[in-house]
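Here the structure is laid out as C-alpha coordinates; the discussion comes afterwards.
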Amino acid sequence: PNDTENPIPAAVDFTATLNEDNPSNRIVQLAWADGDGGDGSLEGYVLVRKAGSAPVSVWDGDVVTLAQGSVSSDDGSVDADGYPRGYRVYYSIFSYGPKWTDLSSDEQLYYEATDGALYNSENYYFVGPVSTSLIVTDTVTLSASESGSIFNPSGTQSDPIVVSEDMASILQAIGFITFNLNDISSSDFKVTSASLTLTTTDTVDATMGHMEIQMMIYAWSGETWDNVSAAGAINSNYSIVTYPPSSTQTEFVQDVTQIVSLWASGAYGNYGLRLYPFNDSAATFDYLLDFYGGTAPNLTVTYYKD
(Lines give C-alpha, C1' and ligand atoms only; values in the text may rest on other atoms or scores of the structure.)
Protein backbone atom coordinates (compact mmCIF):
# COMPACT_ATOMS: atom_id res chain seq x y z
CA PRO A 1 0.00 0.00 0.00
CA ASN A 2 0.98 3.62 -0.53
CA ASP A 3 1.50 4.98 3.03
CA THR A 4 0.71 8.66 3.55
CA GLU A 5 3.72 10.04 5.44
CA ASN A 6 2.22 13.28 6.71
CA PRO A 7 -1.13 13.23 8.53
CA ILE A 8 -3.96 15.62 7.90
CA PRO A 9 -4.35 19.03 9.63
CA ALA A 10 -6.27 19.51 12.88
CA ALA A 11 -9.52 21.49 12.91
CA VAL A 12 -9.51 25.08 14.20
CA ASP A 13 -12.07 27.46 15.75
CA PHE A 14 -14.10 24.63 17.27
CA THR A 15 -17.22 25.80 19.16
CA ALA A 16 -20.25 24.23 20.84
CA THR A 17 -23.49 26.19 21.23
CA LEU A 18 -26.53 25.03 23.18
CA ASN A 19 -29.55 25.52 20.92
CA GLU A 20 -32.23 23.63 22.84
CA ASP A 21 -32.44 21.90 26.19
CA ASN A 22 -35.46 20.19 27.69
CA PRO A 23 -35.94 17.31 30.14
CA SER A 24 -35.57 14.61 27.50
CA ASN A 25 -33.54 16.06 24.63
CA ARG A 26 -30.68 18.47 24.03
CA ILE A 27 -29.47 19.98 20.76
CA VAL A 28 -25.93 21.36 20.53
CA GLN A 29 -24.59 22.98 17.38
CA LEU A 30 -20.94 22.20 16.66
CA ALA A 31 -18.89 24.33 14.27
CA TRP A 32 -15.26 24.43 13.17
CA ALA A 33 -12.94 25.32 10.31
CA ASP A 34 -10.38 23.32 8.36
CA GLY A 35 -6.83 23.75 9.59
CA ASP A 36 -3.67 24.25 7.55
CA GLY A 37 -0.69 21.93 7.11
CA GLY A 38 -0.10 18.26 6.46
CA ASP A 39 0.09 16.51 3.14
CA GLY A 40 -2.43 13.80 3.87
CA SER A 41 -5.89 13.47 2.43
CA LEU A 42 -8.49 14.96 4.80
CA GLU A 43 -11.58 12.80 4.63
CA GLY A 44 -13.63 14.20 7.52
CA TYR A 45 -14.00 14.63 11.25
CA VAL A 46 -14.95 12.51 14.24
CA LEU A 47 -16.90 14.38 16.94
CA VAL A 48 -16.76 12.90 20.44
CA ARG A 49 -18.63 13.93 23.59
CA LYS A 50 -17.81 13.30 27.26
CA ALA A 51 -18.86 14.59 30.69
CA GLY A 52 -16.23 15.48 33.27
CA SER A 53 -13.22 16.00 31.00
CA ALA A 54 -12.42 16.48 27.34
CA PRO A 55 -12.09 13.33 25.19
CA VAL A 56 -8.42 12.63 24.42
CA SER A 57 -9.02 10.08 21.65
CA VAL A 58 -11.80 8.92 19.37
CA TRP A 59 -12.37 6.03 21.82
CA ASP A 60 -12.61 8.25 24.91
CA GLY A 61 -16.28 9.16 25.22
CA ASP A 62 -19.36 8.87 23.03
CA VAL A 63 -18.97 9.34 19.29
CA VAL A 64 -21.53 11.89 18.16
CA THR A 65 -21.03 11.52 14.42
CA LEU A 66 -18.64 11.42 11.50
CA ALA A 67 -18.89 14.72 9.69
CA GLN A 68 -17.69 16.53 6.59
CA GLY A 69 -17.81 20.27 6.07
CA SER A 70 -17.67 22.67 9.01
CA VAL A 71 -20.88 22.24 11.00
CA SER A 72 -22.82 19.45 12.66
CA SER A 73 -25.12 18.96 15.62
CA ASP A 74 -25.48 16.72 18.63
CA ASP A 75 -29.15 15.87 19.01
CA GLY A 76 -29.22 13.35 21.83
CA SER A 77 -31.37 12.01 24.61
CA VAL A 78 -30.41 13.32 28.03
CA ASP A 79 -29.25 10.56 30.35
CA ALA A 80 -27.40 10.21 33.62
CA ASP A 81 -24.14 8.92 32.15
CA GLY A 82 -22.75 10.26 28.89
CA TYR A 83 -25.07 13.22 28.51
CA PRO A 84 -26.08 14.28 32.03
CA ARG A 85 -27.95 17.34 33.16
CA GLY A 86 -26.20 19.72 35.53
CA TYR A 87 -22.67 19.09 34.22
CA ARG A 88 -20.16 20.70 31.94
CA VAL A 89 -20.19 18.74 28.69
CA TYR A 90 -16.97 18.46 26.68
CA TYR A 91 -16.55 17.93 22.95
CA SER A 92 -13.42 17.03 20.99
CA ILE A 93 -13.00 16.99 17.23
CA PHE A 94 -10.51 14.73 15.45
CA SER A 95 -9.54 15.06 11.80
CA TYR A 96 -9.21 11.78 10.00
CA GLY A 97 -7.69 10.63 6.74
CA PRO A 98 -6.66 7.30 5.20
CA LYS A 99 -3.21 5.84 5.79
CA TRP A 100 -3.32 4.33 2.32
CA THR A 101 -4.67 5.73 -0.90
CA ASP A 102 -6.05 2.48 -2.24
CA LEU A 103 -8.51 1.51 0.50
CA SER A 104 -11.42 -0.55 -0.71
CA SER A 105 -14.96 0.41 0.27
CA ASP A 106 -15.11 -2.26 2.99
CA GLU A 107 -11.86 -0.91 4.52
CA GLN A 108 -13.12 2.64 4.94
CA LEU A 109 -13.98 4.23 8.27
CA TYR A 110 -17.58 4.09 9.40
CA TYR A 111 -19.54 4.62 12.58
CA GLU A 112 -22.25 2.27 13.81
CA ALA A 113 -24.74 4.26 15.88
CA THR A 114 -26.40 1.18 17.36
CA ASP A 115 -23.28 0.18 19.28
CA GLY A 116 -21.48 3.53 19.25
CA ALA A 117 -18.35 2.06 17.66
CA LEU A 118 -15.92 3.10 14.93
CA TYR A 119 -14.96 0.41 12.45
CA ASN A 120 -11.79 0.12 10.33
CA SER A 121 -10.10 2.77 12.48
CA GLU A 122 -6.75 1.02 12.06
CA ASN A 123 -6.68 2.19 8.44
CA TYR A 124 -6.84 5.89 9.36
CA TYR A 125 -4.87 8.70 10.90
CA PHE A 126 -6.63 10.70 13.64
CA VAL A 127 -5.35 14.18 14.47
CA GLY A 128 -6.50 15.95 17.61
CA PRO A 129 -8.05 16.52 19.98
CA VAL A 130 -9.25 20.05 19.52
CA SER A 131 -11.66 20.55 22.41
CA THR A 132 -14.37 22.86 23.66
CA SER A 133 -17.07 22.67 26.31
CA LEU A 134 -20.38 24.10 27.37
CA ILE A 135 -22.25 24.30 30.64
CA VAL A 136 -25.60 22.55 30.90
CA THR A 137 -27.28 23.66 34.09
CA ASP A 138 -29.94 21.95 36.13
CA THR A 139 -32.56 23.61 38.34
CA VAL A 140 -34.09 22.28 41.54
CA THR A 141 -36.73 23.83 43.79
CA LEU A 142 -36.38 22.90 47.46
CA SER A 143 -38.96 23.19 50.19
CA ALA A 144 -37.74 24.37 53.58
CA SER A 145 -36.47 21.51 55.72
CA GLU A 146 -37.13 23.68 58.80
CA SER A 147 -38.80 27.03 59.23
CA GLY A 148 -40.36 28.97 62.02
CA SER A 149 -40.09 31.82 64.47
CA ILE A 150 -38.44 32.30 67.82
CA PHE A 151 -40.25 34.81 70.03
CA ASN A 152 -38.97 37.38 72.43
CA PRO A 153 -39.98 36.22 75.93
CA SER A 154 -40.34 39.90 76.86
CA GLY A 155 -42.62 40.61 73.90
CA THR A 156 -46.36 40.31 73.46
CA GLN A 157 -46.63 38.48 70.14
CA SER A 158 -47.17 34.71 69.80
CA ASP A 159 -48.65 34.17 66.35
CA PRO A 160 -46.97 30.96 65.09
CA ILE A 161 -46.50 32.25 61.55
CA VAL A 162 -44.87 35.55 62.45
CA VAL A 163 -41.43 35.88 60.92
CA SER A 164 -40.29 39.12 62.49
CA GLU A 165 -42.08 42.02 64.03
CA ASP A 166 -41.29 45.16 65.90
CA MET A 167 -44.11 46.84 67.83
CA ALA A 168 -43.51 49.80 70.10
CA SER A 169 -39.75 49.48 69.44
CA ILE A 170 -39.64 45.99 70.94
CA LEU A 171 -38.34 43.22 68.73
CA GLN A 172 -41.07 40.60 68.94
CA ALA A 173 -39.94 37.63 66.83
CA ILE A 174 -37.25 36.52 64.40
CA GLY A 175 -37.90 34.16 61.49
CA PHE A 176 -35.67 31.30 60.38
CA ILE A 177 -35.55 29.04 57.34
CA THR A 178 -33.26 26.08 56.58
CA PHE A 179 -32.91 24.19 53.29
CA ASN A 180 -31.21 20.84 52.76
CA LEU A 181 -28.55 21.27 50.07
CA ASN A 182 -26.78 17.93 50.57
CA ASP A 183 -27.45 16.77 47.00
CA ILE A 184 -25.75 19.80 45.44
CA SER A 185 -23.00 20.54 47.95
CA SER A 186 -19.32 19.94 47.25
CA SER A 187 -16.36 21.97 46.00
CA ASP A 188 -17.13 21.12 42.35
CA PHE A 189 -20.74 22.33 42.40
CA LYS A 190 -21.18 25.79 40.90
CA VAL A 191 -24.37 27.72 41.66
CA THR A 192 -25.34 30.08 38.84
CA SER A 193 -28.45 31.46 40.54
CA ALA A 194 -30.52 30.97 43.67
CA SER A 195 -33.75 32.67 44.67
CA LEU A 196 -35.73 32.58 47.91
CA THR A 197 -39.53 32.76 47.58
CA LEU A 198 -41.66 33.95 50.50
CA THR A 199 -45.38 34.70 50.66
CA THR A 200 -46.96 37.32 52.91
CA THR A 201 -50.22 36.54 54.69
CA ASP A 202 -53.52 38.33 54.30
CA THR A 203 -52.88 40.19 57.57
CA VAL A 204 -49.68 41.86 56.52
CA ASP A 205 -49.16 45.42 57.72
CA ALA A 206 -49.15 48.02 54.97
CA THR A 207 -46.49 50.06 56.79
CA MET A 208 -43.78 47.40 56.60
CA GLY A 209 -40.15 48.48 56.55
CA HIS A 210 -37.04 46.72 55.34
CA MET A 211 -36.16 43.14 56.18
CA GLU A 212 -32.68 41.65 56.27
CA ILE A 213 -31.97 38.10 55.10
CA GLN A 214 -28.93 36.92 57.03
CA MET A 215 -26.62 33.89 56.99
CA MET A 216 -26.68 31.99 60.29
CA ILE A 217 -23.35 30.65 61.60
CA TYR A 218 -24.84 27.99 63.88
CA ALA A 219 -28.07 25.99 64.01
CA TRP A 220 -31.04 28.07 65.16
CA SER A 221 -33.49 25.26 65.92
CA GLY A 222 -33.82 24.75 69.67
CA GLU A 223 -31.73 27.80 70.50
CA THR A 224 -32.69 30.46 73.03
CA TRP A 225 -33.91 33.92 72.12
CA ASP A 226 -30.76 35.52 73.51
CA ASN A 227 -28.56 33.41 71.28
CA VAL A 228 -30.52 33.69 68.02
CA SER A 229 -31.13 37.43 68.38
CA ALA A 230 -27.45 38.23 69.01
CA ALA A 231 -25.34 39.99 66.41
CA GLY A 232 -22.84 37.14 66.63
CA ALA A 233 -25.39 34.61 65.38
CA ILE A 234 -24.90 35.66 61.76
CA ASN A 235 -22.15 36.35 59.24
CA SER A 236 -22.77 40.04 58.66
CA ASN A 237 -20.65 40.03 55.47
CA TYR A 238 -23.42 38.21 53.61
CA SER A 239 -26.62 39.96 54.65
CA ILE A 240 -29.22 41.09 52.12
CA VAL A 241 -31.50 44.04 52.80
CA THR A 242 -34.81 43.68 51.03
CA TYR A 243 -38.18 45.38 50.94
CA PRO A 244 -41.05 42.88 50.65
CA PRO A 245 -44.36 44.04 49.15
CA SER A 246 -46.87 45.73 51.39
CA SER A 247 -49.94 44.17 49.77
CA THR A 248 -51.79 41.13 51.07
CA GLN A 249 -51.17 37.52 50.01
CA THR A 250 -48.21 38.51 47.89
CA GLU A 251 -45.31 36.34 46.79
CA PHE A 252 -41.93 37.95 46.66
CA VAL A 253 -38.66 36.57 45.38
CA GLN A 254 -35.20 37.56 46.60
CA ASP A 255 -31.87 36.71 44.97
CA VAL A 256 -29.69 34.77 47.43
CA THR A 257 -27.12 33.43 44.96
CA GLN A 258 -24.05 34.51 46.93
CA ILE A 259 -25.16 32.87 50.17
CA VAL A 260 -26.24 29.61 48.53
CA SER A 261 -23.01 29.47 46.48
CA LEU A 262 -20.99 29.65 49.68
CA TRP A 263 -23.06 26.88 51.24
CA ALA A 264 -22.90 24.62 48.18
CA SER A 265 -19.12 24.98 47.81
CA GLY A 266 -18.56 24.19 51.48
CA ALA A 267 -16.97 27.58 52.17
CA TYR A 268 -19.50 28.10 55.00
CA GLY A 269 -21.73 25.72 56.90
CA ASN A 270 -25.40 25.70 55.95
CA TYR A 271 -27.21 26.70 59.14
CA GLY A 272 -30.06 28.46 57.40
CA LEU A 273 -31.27 32.03 57.12
CA ARG A 274 -32.35 34.52 59.72
CA LEU A 275 -35.10 36.97 58.73
CA TYR A 276 -34.58 40.09 60.78
CA PRO A 277 -35.94 43.65 60.90
CA PHE A 278 -33.41 45.90 59.22
CA ASN A 279 -34.36 48.81 61.46
CA ASP A 280 -35.89 47.56 64.71
CA SER A 281 -36.68 51.06 65.92
CA ALA A 282 -39.61 51.31 63.53
CA ALA A 283 -42.92 52.05 65.23
CA THR A 284 -44.62 49.25 63.33
CA PHE A 285 -42.76 46.38 61.73
CA ASP A 286 -44.75 43.40 60.59
CA TYR A 287 -43.52 40.51 58.47
CA LEU A 288 -45.74 37.50 58.32
CA LEU A 289 -44.94 34.29 56.55
CA ASP A 290 -47.66 31.96 55.34
CA PHE A 291 -46.85 28.28 55.88
CA TYR A 292 -50.27 27.11 54.72
CA GLY A 293 -51.99 26.40 51.41
CA GLY A 294 -48.81 25.52 49.50
CA THR A 295 -47.16 28.87 50.12
CA ALA A 296 -44.35 27.73 52.39
CA PRO A 297 -40.87 29.13 51.69
CA ASN A 298 -38.92 27.57 48.85
CA LEU A 299 -35.48 27.93 47.34
CA THR A 300 -34.85 27.60 43.60
CA VAL A 301 -31.25 26.78 42.69
CA THR A 302 -29.70 26.58 39.22
CA TYR A 303 -26.33 24.82 39.22
CA TYR A 304 -23.86 22.59 37.41
CA LYS A 305 -21.00 20.33 38.45
CA ASP A 306 -17.56 21.17 37.11
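The values are calculated or read from the model by the stated rules, or taken from the named source; none is laboratory data. Because the structure is a prediction, the values reported are computed rather than measured. Cβ placement follows ideal geometry from the backbone for every residue including glycine, while neighbour counts extend to all protein chains displayed. Side chains included, ligands, DNA and RNA excluded: accessible areas come from the protein's heavy atoms. Shrake-Rupley method; radii C 1.70, N 1.55, O 1.52, S 1.80 Å.
Tabulated values for the structure
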read-out	value
Accessible surface ranking that places the most exposed of SER145, SER95 first, with a 1.4 angstrom probe	SER145, SER95
Amide hydrogen neighbours beyond the local backbone of THR137, cut-off 5 Å, H modeled	GLY86
Restricting the stretch 55-158 to chymotrypsin sites (Phe, Trp or Tyr not before Pro) in coil, as DSSP defines it, with at most 13 other Cβ within 10 Å	TRP59
Rg [Å, one decimal], Dmax [Å, integer] - the stretch 81-128, C-alpha atoms	14.3, 46
Nearest-10 value in Å² for the accessible area of MET211, using the 1.4 Å probe	0 Å²
